[in-house]
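These notes are about the structure you will find just below.
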Amino acid sequence: KRQRRTSYHVVGDGSGYTFDGVDSPVVVPDSPGLSPGSADFSYGVTLKVPSAPPSGETYTLLSKGISTTNAGDHKLAIINSKGEAEARCAFDSILCTGKKARA
């Protein structure tokens, strides 16, 4: 049986989604078809934010998996870096800068 994604406060136009910026997650059930295994994959995000997240808070844009499992994880988030919005990405808990991501 195919499971459906669940969306909250999200508008889709066929080429992307618009989120309300407060409480609009899209939750996709786990499926083996979502795992790239050893194959290459890519994703992209176009984003406009009026300001950085509050200090100590993170805006998660995209995530898959859990860092504490053997299956690995990847994540794209916006953080507050000295008052400026900064994008951070991690694959298998390693930041794209090559540093270990904080747990």
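Just so it is clear, none of the values below were taken in a lab; they were calculated from the coordinates. Keep in mind the model is a prediction, meaning the values are calculated, not measured. Note that each Cβ is placed from the backbone with ideal geometry, even for glycine, and that neighbours are counted across all protein chains shown.
Brief remarks follow.
- For the range 18-38, a residue qualifies if it is surrounded by 10 or more Cβ atoms within 10 Å (Cβ to Cβ) and part of a strand (DSSP E or B), and the qualifying residues are Thr18, Phe19, Val26.
- Residue satisfying all of: in the range 39-64; of a type in the set (S, T, N, Q) and exposed (fewer than 10 other Cβ atoms within 10 Å of the Cβ); farthest from Ala85 (Cα to Cα) among these: Ser42
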